[in-house]
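The values are calculated or read from the model by the stated rules, or taken from the named source; none is laboratory data. No experiment lies behind these values; they were computed from the predicted model shown. Note: ideal-geometry Cβ built from the backbone for every residue, glycine included; neighbour counts use all protein chains shown. The area values use the complete protein model at the heavy-atom level, side chains included, leaving out ligands, DNA and RNA. Shrake-Rupley method; radii C 1.70, N 1.55, O 1.52, S 1.80 Å.
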Amino acid sequence: MNLFTDLRALVIDSLEAMAAEGLLPRGLDHANVAVEPPRDAAHGDMATNAAMVLAKPAGLKPRDIAEALAARLTADPRIALAEVAGPGFLNLRLAPGVWQGLIGAVLSQGTAFGRSDMGQGQKVNVEYVSANPTGPLHVGHTRGAVFGDALASLLDYSGHAVTREYYINDGGAQVDVLARSVYLRYLEAHGQAVSFEDGTYPGDYLIEVGEALAAEVGTAYVDQPEDVWLAEIRAFATERMMDLIRADLAALGVRMDVFFSEKSLYGTGRIEAAIDALRAKGLIYRGTLEPPKGKTPDDWEPREQTLFKSTDHGDDVDRPIMKSDGAWTYFAPDIAYHYDKIERGFDALIDVFGADHGGYVKRMKAAVSALSDGRVPLDIKLTQLVKLTKNGQPFKMSKRAGTFVTLRDVVDQVGADVTRFVMLTRKNDAPLDFDFDKVLEQSKDNPVFYVQYAHARIRSVLRKAAEAGIAADDAVLAGADLTKLDHEAELAVAKKLAEWPRLVEIAARTHEPHRVAFYLYELASDFHALWNRGNEVAGLRFLQEGDVATSQAKIALARAVAVVISAGLGILGVTPVEEMR
């Protein structure tokens, strides 16, 4: 049930009836007609721009259209009042029965309230985290993991067929560095003193990997040249590090559908196939690029390269795909990987990258546009940095990791639920302050607590109802006499609940799951305001002594709030609490 969609349909039907009566020209385009919450709630419950957008094509004054539309809309029992404002906007006030009926709909549909078929089963691939398998996940990966996972859940909730995917960067030079670092820990496990040169990974997390290798192969690689052990240790270390990464993701509540290995693209013809597909479109050529910005002719050596004509698809410059020695650039396997996604039949692609990948956006979009002939859109979402503080000071780096704060450091401090919610309290491309003290604070200023506290309060109402012998299961509450919910404070909560289906569709369309966290905070605020009014006005309390019917109506409202909070937290990957400790 989406009241905004329902009321827009009423407006469109009314406009078509007006056209049939000759009050409007036939065949007007209604695509830009909207029904939305007004900017100022004092102006009404909903507003439509219908008269404003149709005035010019209709050759009529906006107010004339608005007044005729208002007269028709007020004939519908759902519309209590339709007022023309300004040059021709139309503000609508809905009858109380609309909001009361909404409560029953929420309870009847449960957490399916707000779900939609907007996605129409469109196959969407969401790639996120995709960290190099060279160490544990750090706090930057944590934000990307939470954002990507919540976005995938949001798209699923709005009717898309979603695949969660992790791209294992195991084909580059960094995994050779990992192998050499593990070899040092392997020697250390055999009693040798080692030193970590620049470029190797000194973190303690590799001690266990080195010991495991020693247990598996004994002394077979001790004092052996690199060509004897590099390939084997690289495979061993990569597998062990991916086990660690999977465990880190599981601790955060993230589970991938697909782990795709970059290494699988090499030596299999898959990179060549992708480049050949571009070549067949006339997009691969030999050429010489201009000096990059900041380079002068004196310090720039022009050379002929194999280039992808990415400027034909919106990029700033064409991009090299092959080095002068004939090896592929880093861009080539990324092209092949996205070609594989297209070949797997996805209708849309989403990549979640760290902020340091900003320069990669245009070239990757150009590649996908070229490979799919513009059929498959690619949205790249960049997650900005996270600033960690505790006790007013920067949070110290993890000794185990050696150089950075790990995902486990964060989750061990505050738990997965708090971590996930806080990571979604800012838009993905805005920096995020994560204060370990504030995220555990029990106050209105802590959105995690405030939302969970609302859910816990509602659970306490249900427990007290059970103690009082009041039937309060959803089926009973959905059939309660909801006309008893007539106070403005109660209707305000119902109106906020009505926004949920619309909010889900907007958040899914814009790929912005933080909107869900913001909405939940607003809903919790409205609920807490109603609760506090009950301390002053006895008639607003959820349990009315000696009046089961009124109690059930008020409990129904509270339970509807809990249903929507539970649905929203589910999208964010957060478990609703039953009671606060």
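Provide the gained length on full extension for the span residue 255 to residue 427, in nm with one decimal, where the gain is 0.36 nm per separating residue minus the Cα-Cα distance.
Values: separation 172, 0.36 × 172 = 61.92 nm, distance 2.26 nm.
In short, 59.7 nm is gained.
What does the net charge come to around residue 527 if you take all other residues with beta carbon closer than 9 Å to its beta carbon, with K and R at +1 and D and E at -1?
Computed value for this residue: +1.
Which order, highest average first, do 116-122, 481-487, 414-420 follow once you tally other Cβ atoms within 10 Å for each residue and take the mean per peptide? Please report the intermediate quantities before stating the final value.
Working: 116-122: 14.1, 481-487: 16.7, 414-420: 21.0.
Most protected by this proxy first, the peptides run 414-420, 481-487, 116-122.
Per-residue HN-Hα couplings for region 229-238, Karplus 6.51 cos²θ - 1.76 cosθ + 1.60 at θ = phi - 60°, whole Hz, x for Gly and Pro?
Whole-Hz 3J(HN,Hα) from phi for region 229-238: 10, 4, 5, 5, 5, 4, 5, 4, 5, 4.
What does region 1-53 give for Rg and for Dmax, in Å, if only its C-alpha atoms count?
When restricted to Cα atoms, region 1-53 yields Rg and Dmax of 12.0, 34 Å.
Using DSSP, restrict attention to beta bridges with both residues in region 306-433 and report what percent are antiparallel, rounded to the nearest 5. Mind showing how you got there, number by number?
Numbers: 6 of 14 bridges.
Of those bridges, close to 45 percent are antiparallel.
Highest mean first, how do 281-289, 374-382 rank when packing is the count of other Cβ atoms within 10 Å averaged over residues?
Top to bottom by mean Cβ count within 10 Å: 374-382, 281-289.
Find the relative contact order for the chain and round it to a whole percent, using C-alpha pairs within less than 8 Å whose residues are 6+ positions apart. Don't skip to the end; give the middle numbers.
Values: 953 pairs, mean separation 94.1, N = 581.
Here the relative contact order equals 16 percent.
Using every pair of alpha-carbon atoms in region 174-270, split the distances into 10 Å bins beginning at 0 and state the percent of pairs per bin, rounded to integers.
15, 43, 29, 13, 0
From the C-alpha gyration tensor of region 437-581, pull out the three semi-axes of the equivalent ellipsoid (sqrt of 5λ each), sorted largest to smallest, in whole Å.
26, 17, 14
Can you give the three extents of the C-alpha atoms in region 133-208 along their principal axes, from longest to shortest, in whole Å?
So the three principal-axis extents are 57, 22, 21 Å.
Based on alpha-carbon positions alone, could you give the equivalent ellipsoid semi-axes of region 1-129 from the gyration tensor, as √(5λ), descending, whole Å?
29, 20, 14
If exposed means no more than 13 neighbouring beta carbons inside 10 Å and the site is in a DSSP loop, what's the longest run of the chain without any exposed GluC sites (Glu not before Pro)? Spell out each step's value before the answer.
Values: sites that count: 21, 197, 304, 441, 545, 578, 579.
That would be 22-196.
Taking amide hydrogens as modeled 1.01 Å from N in the peptide plane, which residues meet the under 5 Å criterion relative to residue 380, leaving out close sequence neighbours?
For residue 380, the qualifying residues are 351.
Are any of the pairs 496/554; 56/381; 309/341; 293/427; 293/365 more than 26 Å apart by Cα-Cα distance, and if so, which?
Check vs 26 Å cut-off fails for 56/381; 293/427.
List the residues, sorted by chain then number, that are 5 or more residues from residue 119 or on another chain and whose placed amide H is less than 5 Å from its amide H.
Here 159, 160 satisfy the definition.
Please report how far the C-alpha centroid of region 467-516 lies from that of region 12-81, rounded to the nearest whole angstrom.
Value for the Cα centre distance between the two parts: 27 Å.
Please report, as a whole percent, how much of the solvent-accessible surface of region 136-270 comes from carbon and sulfur atoms (probe radius 1.4 Å).
Of the solvent-accessible surface of region 136-270, carbon and sulfur hold 48 percent.
Please list 3J(HN,Hα) in residue order for region 529-542, calculated via the Karplus relation 6.51 cos²θ - 1.76 cosθ + 1.60 where θ = phi - 60°; whole Hz, with x for glycine and proline.
4, 5, 4, 5, 4, x, 5, 9, 10, 4, x, 9, 6, 6
Using r as the Cβ-Cβ distance of residue 316 and residue 344, and R0 as 22 Å, what FRET efficiency do you calculate, to the nearest 0.05?
0.15
For residue 130, list long-range residues whose amide hydrogen, built 1.01 Å from N in the peptide plane, is under 5 Å from its own amide hydrogen.
Placed amide hydrogens put 167 under 5 Å from residue 130.
Tally Lys and Arg at +1 and Asp and Glu at -1 over the other residues with C-beta under 10 Å from the C-beta of residue 579: what net charge comes out?
Around residue 579, the surrounding residues sum to +3.
Just check region 350-393 against the gyration tensor rule for me: Cα atoms, a ≥ b ≥ c as the square roots of the eigenvalues, rounded for a/c under 1.5, and otherwise prolate or oblate depending on whether a/b exceeds b/c.
Cα axes put region 350-393 in the prolate bin.
According to the square roots a ≥ b ≥ c of the eigenvalues of the Cα gyration tensor, what is the shape class of region 390-487, taking rounded for a/c under 1.5, prolate for a/b larger than b/c otherwise, and oblate for the remainder?
prolate
Go through region 378-385 residue by residue and turn each phi into a ³J(HN,Hα) via Karplus (6.51, -1.76, 1.60, θ = phi - 60°); whole Hz please, and just put x for glycine and proline.
These are the phi-based 3J(HN,Hα) values: 10, 10, 10, 9, 9, 9, 7, 5 Hz.
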